[in-house]
Amino acid sequence: MDAFSTNIEDTSSHKAYHDAILDNKYLFEGKTVLHLTEGMNCLFSFFAVEAGCKKVYCVLNGKSEKEQQNIYMIKEVIKENNKEQIIEALSWSDFNAQVDIIIG
């Protein structure tokens, strides 16, 4: 099983992050969040949006062709869910913003 499949099927971790974020909505409401991720995992960014943050930077480390493809795919997921105004996917080398919370 590849890493992407393992990550997608890790429902217990997803539930733990979901519950931790949403049980603490007061920490996220109106805040700017940095979501450090790898591969195509943008799920925690959506949890942060659900908790009421104003902006999420979904940041991947690396400029390899594979990472650029992953960023493109994450941007498509963001667009399909109409969250382009809140979630921005980009590489670490392109990131330069002040944030209130870091998740990963």
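Since every read-out is calculated from the coordinates, none of them should be taken as a lab result. These numbers were taken from a predicted model, which means no experiment stands behind them. Here the Cβ is made from the backbone with ideal geometry for all residues, glycine too, and neighbour counts use every protein chain on show.
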(request) Taking every pair of alpha-carbon atoms in the chain, give the share separated by more than 24 Å as a whole percent. (result) 18
(request) Obtain the nm distance between the two label points defined at N24 and S12 by a simple spin-label model: each point lies 7 Å from its Cα along the Cα-to-C-beta direction. (result) 2.1
(request) Tell me which residues come under 5 Å, amide H to amide H, from C58 once H is placed; ignore anything under 5 positions away on its chain. (result) H35, E88, A89, L90
(message) If you take every DSSP beta bridge fully contained in the range 3-103, what fraction is antiparallel? Give it as a percent rounded to 5.
(response) 0
